[in-house]
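K.L.:
Below is one structure. I have some questions about it.
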Amino acid sequence: MPKRLLLPLCVLLSTPVLAAELQLKVEIPRLQVAEYHRPYVAIWLEQPDQKHVANLAVWYDQKLKDKEGEKWLKDLRQWWRRSGRSLEMPIDGVSGATRAVGKQRLSLNSADAPLKQLEPGEYRLVVEAAREVGGRELLRLPFTWPPQQATTHNAQGSSELGQINLQLVP
Amino acid sequence: MHPLVKWTALTLAICLPLSAQAHRAWMLPSATVLSGEDPWVTVDAAVSNDLFYFEHFSMIIAGVGDVSTQPAGQRARQAAELLVMAPDGSQIKPQNGAIGRYRSTFDLHLTQKGTYKLAIANSGLFASWKEGQESKRWMGKAEDLAKQVPANAKELKVTQNNRRMEVFVTSGNPSTDVLKTTGAGLELAPITHPNDLFAGEAAEFSLLLDGKPAAGVEVSVIPGGNRYRDELGEIKTTSDAAGKISITWPHAGMYWLEAEFTTREGVSAPATERRASYSATLEVLAP
């Protein structure tokens, strides 16, 4: 091979493949209640027909002894039905403690699971929250994967969830 | 006839769901969908009109509570046999049983993951006849008929009864082993899992009589909470040629399902009619 082609070839081969990103902001609302408990929240990806694709996060009380916090996972009714009931908790990279009031962030990269295996198509990001001695709310954000351009999707909860922002960066 | 026996027979006759107008006998679980590592359920069992309110009699179940504390009429009633089948097919016993004025209560410790089935089933003969002006009734096992009913009884009518009452409860992921039917009497073979019911969705069930698909069975589904509304809210349907029924739940809550089938065909003597019934308490969740 002619030497003058070697350098351009090297540059071509070493160009890094830019990974697409999913940036999620979930607002846990401040509520004026006598007895406040941080909500249980489940975040997952599903197909438009509600077929479960992947869990992104499950925030619940992991501190109680004898795993007693798991008793209330079923109150995340849709998540429990579509995924939770067939799982053994905790799950690495998905389970977490309950989050405080404010905008909670979740960041995913297409270089890692589950986005790595995500087939191109239409999806919905689902956020379900249930609060002890409180209510329950579920929000869905439809999106297309992979993103062709930077897109933002928003949803606004009315009781147990605040604003949900989904940013997709190609 | 000894007054107690007469009272018993009358009480038994009243308390049995012989027709659509009679009282309903049901079990009500505290939950049917459970998560966590150590779930329990508490079950109420009662005979009453309204769903699901306790206002008539408690259901006497063998092994649940101390029946000697009950008034004479209650004590004389035949105790129902409760069978609780765990996901692995073994039987578990009710715990912390108590009999109250209007309801019996017991707890179940769900140590396995999967679906449990609670069932109360009985079968026997029911005979009615006349002695002079007096109407007589008797209910019991086929082998006792000759002893209890006079041979030359006037206007004798003997009916073969099969009754089954079921409740399904799931800890964790639903399983299907307990859904297997026994092949005796009127039974429900679920197509949709009974602990996977959601408002707005259609659930499919299959009705079997002695293990074979039962067509033309009348089914009534009533949502609980009828104390706080005027209409009964009854959903009526009939099983098709394949024994199938489909129910779309209008809203979330506890529902009572009752299926009844009466026939004069293929009935073994001395019975001339056969009545088979099945009932279940089903929980429908909000989506």
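K.L.:
If you go through region A:42-53 one residue at a time, do you hit one that is outside any strand (DSSP E or B), within 14 Å of chain B (Cβ to nearest Cβ), surrounded by 13 or more Cβ atoms within 10 Å (Cβ to Cβ) and not β-branched (V, I, T)?
P.N.:
First pass over region A:42-53, keeping only residues outside any strand (DSSP E or B): A:47-51.
Add one more test, that the residue is within 14 Å of chain B (Cβ to nearest Cβ), and what stays is A:49-50.
Then keep just the ones that are surrounded by 13 or more Cβ atoms within 10 Å (Cβ to Cβ); that gives A:50.
Now narrow it down to the ones that are not β-branched (V, I, T): A:50.
Yes; the residues of region A:42-53 include at least one that is outside any strand (DSSP E or B), within 14 Å of chain B (Cβ to nearest Cβ), surrounded by 13 or more Cβ atoms within 10 Å (Cβ to Cβ) and not β-branched (V, I, T).
K.L.:
With the condition kept exactly as written, say whether any residue in region B:27-39 is under 18 Å from B:I222 (Cβ atoms), within 14 Å of another protein chain (Cβ to nearest Cβ) and buried (at least 21 other Cβ atoms within 10 Å of the Cβ).
P.N.:
Within region B:27-39 (the criterion being under 18 Å from B:I222 (Cβ atoms), within 14 Å of another protein chain (Cβ to nearest Cβ) and buried (at least 21 other Cβ atoms within 10 Å of the Cβ)), the answer is yes, since at least one residue qualifies.
K.L.:
Within region B:92-119, count every residue that is under 15 Å from B:K180 (Cα atoms) and either free of Cβ contacts under 8 Å to residues at least 12 places away in the same chain or among the aliphatic types (A, V, I, L, M) (or both).
P.N.:
Residues of region B:92-119 that are under 15 Å from B:K180 (Cα atoms), as a first pass: B:114-119.
Retained after the next criterion (residues that are either free of Cβ contacts under 8 Å to residues at least 12 places away in the same chain or among the aliphatic types (A, V, I, L, M) (or both)): B:118-119.
Residues meeting the conditions: 2.
K.L.:
For region B:266-273, check the following and say yes or no: at least one residue is free of Cβ contacts under 8 Å to residues at least 24 places away in the same chain and outside any loop (DSSP other than H, G, I, E, B).
P.N.:
Within region B:266-273, the subset free of Cβ contacts under 8 Å to residues at least 24 places away in the same chain is B:266, B:269.
When the remaining residues are screened for being outside any loop (DSSP other than H, G, I, E, B), the result is none.
Checked against the condition, which is being free of Cβ contacts under 8 Å to residues at least 24 places away in the same chain and outside any loop (DSSP other than H, G, I, E, B), region B:266-273 yields no hits at all.
K.L.:
Take B:L51 and tell me if it is over 29 Å from A:W79 (Cα atoms), crowded, with 16+ Cβ neighbours inside 10 Å and either at pLDDT 75 or above or touching a strand residue (DSSP E or B) at 6+ places or on another chain (Cβ under 6 Å) (or both).
P.N.:
Working: over 29 Å from A:W79 (Cα atoms): yes; crowded, with 16+ Cβ neighbours inside 10 Å: yes; either at pLDDT 75 or above or touching a strand residue (DSSP E or B) at 6+ places or on another chain (Cβ under 6 Å) (or both): yes.
So B:L51 fits the description; yes.
K.L.:
For region A:82-97, state whether one or more residues are more than 12 Å from every other protein chain (Cβ to nearest Cβ) and either of a type in the set (S, T, N, Q) or not in a loop (DSSP other than H, G, I, E, B) (or both).
P.N.:
Yes, because at least one residue in region A:82-97 is more than 12 Å from every other protein chain (Cβ to nearest Cβ) and either of a type in the set (S, T, N, Q) or not in a loop (DSSP other than H, G, I, E, B) (or both).
K.L.:
If you don't mind, another one. How about region B:177-196: which of its residues are within 14 Å of chain A (Cβ to nearest Cβ) and surrounded by fewer than 21 Cβ atoms within 10 Å (Cβ to Cβ)?
P.N.:
Passing the criteria: B:T192, B:H193, B:D196.
K.L.:
Residue check, B:V167 against (1) closer than 30 Å to A:L87 by Cα; (2) in contact (Cβ under 8 Å) with a residue 24 or more places away in the chain; (3) surrounded by fewer than 18 Cβ atoms within 10 Å (Cβ to Cβ); (4) within 20 Å of the chain's Cα centre (by Cα), all met but one. Which one?
P.N.:
Of the numbered conditions (1) closer than 30 Å to A:L87 by Cα; (2) in contact (Cβ under 8 Å) with a residue 24 or more places away in the chain; (3) surrounded by fewer than 18 Cβ atoms within 10 Å (Cβ to Cβ); (4) within 20 Å of the chain's Cα centre (by Cα), the odd one out for B:V167 is (3).
Listed here are the residues, each with its yes/no results for (1) surrounded by 15 or more Cβ atoms within 10 Å (Cβ to Cβ); (2) over 13 Å from the mean Cα position of the chain (by Cα).
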residue: A:N55; (1), (2): yes, no
residue: A:D61; (1), (2): yes, yes
residue: A:R99; (1), (2): yes, yes
residue: A:N109; (1), (2): no, no
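K.L.:
Here's another thing I want to ask about it. Can you tell me which residues in region B:251-270 are farther than 23 Å from B:S48 by Cβ and either surrounded by fewer than 20 Cβ atoms within 10 Å (Cβ to Cβ) or among the hydroxyl-bearing types (S, T, Y) (or both)? Break it down stepwise before answering.
P.N.:
As a first pass, look at region B:251-270 and keep what is farther than 23 Å from B:S48 by Cβ: B:261-270.
Residues satisfying the conditions are B:T262, B:T263, B:R264, B:E265, B:G266, B:V267, B:S268, B:A269, B:P270.
K.L.:
Have a look at B:Q160, B:Q78 and point out the one that is farther than 24 Å from B:S35 by Cβ, within 18 Å of the chain's Cα centre (by Cα), surrounded by fewer than 17 Cβ atoms within 10 Å (Cβ to Cβ) and not hydroxyl-bearing (S, T, Y).
P.N.:
Details: B:Q160 fails: surrounded by fewer than 17 Cβ atoms within 10 Å (Cβ to Cβ).
Answer to the selection: B:Q78.
K.L.:
So A:W80 fits all but one of (1) more than 15 Å from the chain's Cα centre (by Cα); (2) touching a residue at least 40 places away in the same chain (Cβ under 8 Å); what number is the exception?
P.N.:
A:W80 satisfies all of (1) more than 15 Å from the chain's Cα centre (by Cα); (2) touching a residue at least 40 places away in the same chain (Cβ under 8 Å) except (2).
K.L.:
Counting only residues that are outside any strand (DSSP E or B) and more than 15 Å from A:A129 (Cβ to Cβ), which one in region A:54-68 is farthest from the other protein chains (Cβ to nearest Cβ)?
P.N.:
Of all residues in region A:54-68, those outside any strand (DSSP E or B) come to A:60-68.
Keeping just the survivors that are more than 15 Å from A:A129 (Cβ to Cβ) gives A:62-68.
Numbers: A:Q62: 13, A:K63: 15, A:L64: 10, A:K65: 11, A:D66: 7, A:K67: 5, A:E68: 7 Å.
Once the filter is applied, the top-ranked residue is A:K63.
K.L.:
Still on this model: Can we say B:L282 is within 18 Å of the chain's Cα centre (by Cα) and touching a residue at least 24 places away in the same chain (Cβ under 8 Å)?
P.N.:
So B:L282 passes the test.
K.L.:
Counting only residues that are crowded, with 20+ Cβ neighbours inside 10 Å and without any contact (Cβ under 8 Å) to a residue 40 or more places away in the chain, how many does region B:222-242 have?
P.N.:
Going through region B:222-242 one residue at a time, the tally reaches 1.
K.L.:
Only one of (1) over 19 Å from the mean Cα position of the chain (by Cα); (2) within 14 Å of chain A (Cβ to nearest Cβ); (3) surrounded by 14 or more Cβ atoms within 10 Å (Cβ to Cβ) is not met by B:E273, so which one is it?
P.N.:
Of everything listed in (1) over 19 Å from the mean Cα position of the chain (by Cα); (2) within 14 Å of chain A (Cβ to nearest Cβ); (3) surrounded by 14 or more Cβ atoms within 10 Å (Cβ to Cβ), B:E273 misses just condition (2).
K.L.:
Counting only residues that are over 21 Å from the mean Cα position of the chain (by Cα) and either surrounded by 12 or more Cβ atoms within 10 Å (Cβ to Cβ) or of a type outside the set (G, A, S) (or both), how many does region B:104-152 have? Even if it seems obvious, please write down each step before you answer.
P.N.:
Here is the first cut: in region B:104-152, the ones over 21 Å from the mean Cα position of the chain (by Cα) are B:109-114, B:128-137, B:143-152.
When the remaining residues are screened for being either surrounded by 12 or more Cβ atoms within 10 Å (Cβ to Cβ) or of a type outside the set (G, A, S) (or both), the result is B:109-114, B:128-131, B:133-134, B:136-137, B:143-145, B:147-150, B:152.
Count: 22.
K.L.:
Within region B:83-91, is even one residue in contact (Cβ under 8 Å) with a residue 12 or more places away in the chain, at negative phi, within 14 Å of another protein chain (Cβ to nearest Cβ) and over 17 Å from the mean Cα position of the chain (by Cα)?
P.N.:
First, pick out the residues of region B:83-91 that are in contact (Cβ under 8 Å) with a residue 12 or more places away in the chain: B:83-89.
From the residues that got through so far, the ones that are at negative phi too are B:83-88.
Cutting the leftovers down to within 14 Å of another protein chain (Cβ to nearest Cβ) gives us B:87.
Then keep just the ones that are over 17 Å from the mean Cα position of the chain (by Cα); that gives B:87.
Yes, that holds for at least one residue.
K.L.:
Here's another thing I want to ask about it. Provide a single number: the residues in region A:131-154 that are over 16 Å from the mean Cα position of the chain (by Cα) and closer than 30 Å to A:Y36 by Cβ.
P.N.:
Looking only at that region, the number is 6.
K.L.:
Further question on the same structure: Need the failing condition index for B:A98 against (1) more than 22 Å from B:R24 (Cβ to Cβ); (2) in a strand (DSSP E or B), just the number.
P.N.:
So B:A98 meets the others, but not (1).
The values are calculated or read from the model by the stated rules, or taken from the named source; none is laboratory data. Note that this is a predicted model, so its numbers are computed, not measured. Positions of Cβ are backbone-derived with ideal geometry, glycine not excepted, and every protein chain shown enters the neighbour counts.
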